């Protein structure tokens with residue numbers, strides 16, 4: 001596990017974008033695992049800038065998103081499909097057929113999850129997985145006590161996660177209480193992982209993830225076992241290391 005600390009969120013976003021851009025440059029048909037939430041927004045903005053300057057090409061890139069709210073149509077303003085389109089996809093030359101996001105309206109959840117895993121395998125696996133981290137240590141929507149062997153599955157969100165995500169909704173009552181998420185096993189099969197964390201509220205979780213015991217009670221702690229992880233932090237997120 002390699003720990004990189006930068007001054008602030010702006011620098012974190014630029015460095016994360018440079019790492020992602022390097023991956024695309026070295027392997028134009030890279031399979032990227034992508035994350036949503038407030039933390040990666042700056043990195044996506046930087047990637048768009050790099051693309052507009054002509055330094056990267058998304059035409060062969062394949063993407064798989066970590067998760068999607070269960071019950072939300074992709075045109076819903078709070079869906080992660082809409083988030084990805086609004087923050088990066090509509091600004092770059094990615095092939096729409098190469099974009100994969102779980103279907104939050106799938107009628108057969110089990111088949112949707114199995115199918116998502118099959119698509120990842122057919123693509124050759126994920127080259128670089130981008131992650132954020134929740135205050136409770138979740139990665140993707142894998143909440144505390146999730147089974148490490150889980151693949152893509154339907155999860156019930158913790159109250160802490162619902163509260164944290166309510167800032168994107170009109171009220172807490174509007175936040176879905178379930179989501180389709182890549183499982184820990186799926187994430188751990190990625191060849192390289194880049195985890196981003198910003199802000200003092202993540203500092204204790206980051207310290208426990210890196211220096212604490214490996215336990216399902218803090219899902220991100222399993223990353224200690226992965227052979228190629230970069231943890232990119234701003235000074236506030238790294239303040240308790």
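Only the coordinates and a few stated rules stand behind these numbers; no lab work does. The shown structure was predicted, so the numbers you read here are calculated from the model rather than taken from an experiment. Every residue, glycine as well, gets a Cβ built from its backbone with ideal geometry; the counts of neighbours run over all protein chains shown.
Here are some notes:
- Relative contact order of the chain, defined on C-alpha pairs under 8 angstrom at six or more residues apart (%): 25
- Across 198, 38, 30, mean-square fluctuation computed from a Gaussian network of the chain (C-alpha pairs under 10 Å connected) peaks at 38.
- Each of 69, 82 was scored by other Cβ atoms within 10 Å of its Cβ. Arranged with the fewest first, they read 82, 69.
- An oblate overall shape is assigned to segment 77-191, the ratio a/c of its alpha-carbon gyration tensor axes (a ≥ b ≥ c) being 1.5 or greater and a/b not exceeding b/c.
- Ellipticity estimate at 222 nm from DSSP helix runs (n ≥ 4, -39,500 (n - 2.57)) divided over the chain, nearest 500: -9000 deg cm²/dmol
- Estimated distance in nm for a label pair at residue 53 and residue 147, the labels positioned 7 Å out from Cα along Cα-to-Cβ: 4.7
- Share antiparallel - DSSP beta bridges, the chain, percent rounded to 5: 30
- In nm, spacing of pseudo-spin labels at residue 171 and residue 111 (7 Å Cα→C-beta vector): 3.6
- Distance in nm between pseudo-label sites at residue 135 and residue 8 (7 Å out along the Cβ direction from Cα): 2.3
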